[in-house]
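Single-structure report; data block below.
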Amino acid sequence: MESTDFTVDISKQFNVGVENLYEAWTEPEQLKSWWKPMNKNLIDVVNDVKEGGLVKYAFDDNTLIIEGRYTEVKKLEKLVYTWNWQLPNDEIKDSSYQLTVAFSGNDRASAIHILQENFINEEGTLPHREGWIKGLNDLEKYLDKQ
């Protein structure tokens, strides 16, 4: 059995209130404005933010689909969900992770902490770490314009 002990653990501070940060992370139209993993445009979002609720993101012509279920929801504080990547390219295997997103702050400043778990090796974490850094920088640019 393969080990799944490798993780991506990343945090970022923002100059907006925690409610604005949480909404940018969870509201479909806001997500479509800033989140572009692998430079793909987010075209469809299902985000039923409740325990057991579906989270599904579809990108450019369904070349990437991320789907999962919320296992823990604490509004403005913490979201835990399965994070299953489906890529039609045979060279890249589909992958299943657990994602924990913690929010903290007040009405003027906030922070996000992302923990992505269940990688089988350190090498596999690298593109995800780079993707989260880019994504959080894009989120910061989006929020700074609001």
Selection from the range 115-140 of residues polar (S, T, N, Q) and surrounded by 15 or more Cβ atoms within 10 Å (Cβ to Cβ) yields 116, 118, 125
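I need the full set of residues from the range 47-67 which are part of a loop (DSSP other than H, G, I, E, B) and at negative phi, in order please. Explain how you work it out, then say what you get.
Looking only at the range 47-67, we keep the residues that are part of a loop (DSSP other than H, G, I, E, B), and these are 48-53, 63.
48, 49, 50, 51, 53, 63, listed by residue number.
How many residues are small (Gly, Ala, Ser), more than 29 Å from residue 62 (Cβ to Cβ) and either in a helix (DSSP H, G or I) or within 14 Å of the chain's Cα centre (by Cα) (or both) if we restrict to the range 1-46? Don't jump to the end; show me each part of the working.
Here is the first cut: in the range 1-46, the residues small (Gly, Ala, Ser) are 3, 11, 17, 24, 33.
Within this subset, residues satisfying the condition of being more than 29 Å from residue 62 (Cβ to Cβ) are 3, 11, 17.
Add one more test, that the residue is either in a helix (DSSP H, G or I) or within 14 Å of the chain's Cα centre (by Cα) (or both), and what stays is 11.
Residues meeting the conditions: 1.
Residue 84: under 13 Å from the mean Cα position of the chain (by Cα) and modelled with pLDDT under 95, yes or no?
On the way: under 13 Å from the mean Cα position of the chain (by Cα): yes; modelled with pLDDT under 95: yes.
So residue 84 passes the test.
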Pairs returned, first residue in the range 56-70 that is at pLDDT below 85, second residue that is among the polar types (S, T, N, Q) and not in a strand (DSSP E or B), beta-carbon separation under 9 angstrom, 6 or more apart or interchain, are 63/89
Counting only residues that are under 20 Å from residue 134 (Cβ atoms), surrounded by 13 or more Cβ atoms within 10 Å (Cβ to Cβ) and of a type in the set (A, V, I, L, M, F, W, C), the range 39-54 contains a total of 2
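The values are calculated or read from the model by the stated rules, or taken from the named source; none is laboratory data. Remember, predicted model here, so these are calculated numbers, not experimental data. When we count neighbours, we look across all protein chains shown, and the Cβ atoms used for this are built from the backbone with ideal geometry, even at glycine.
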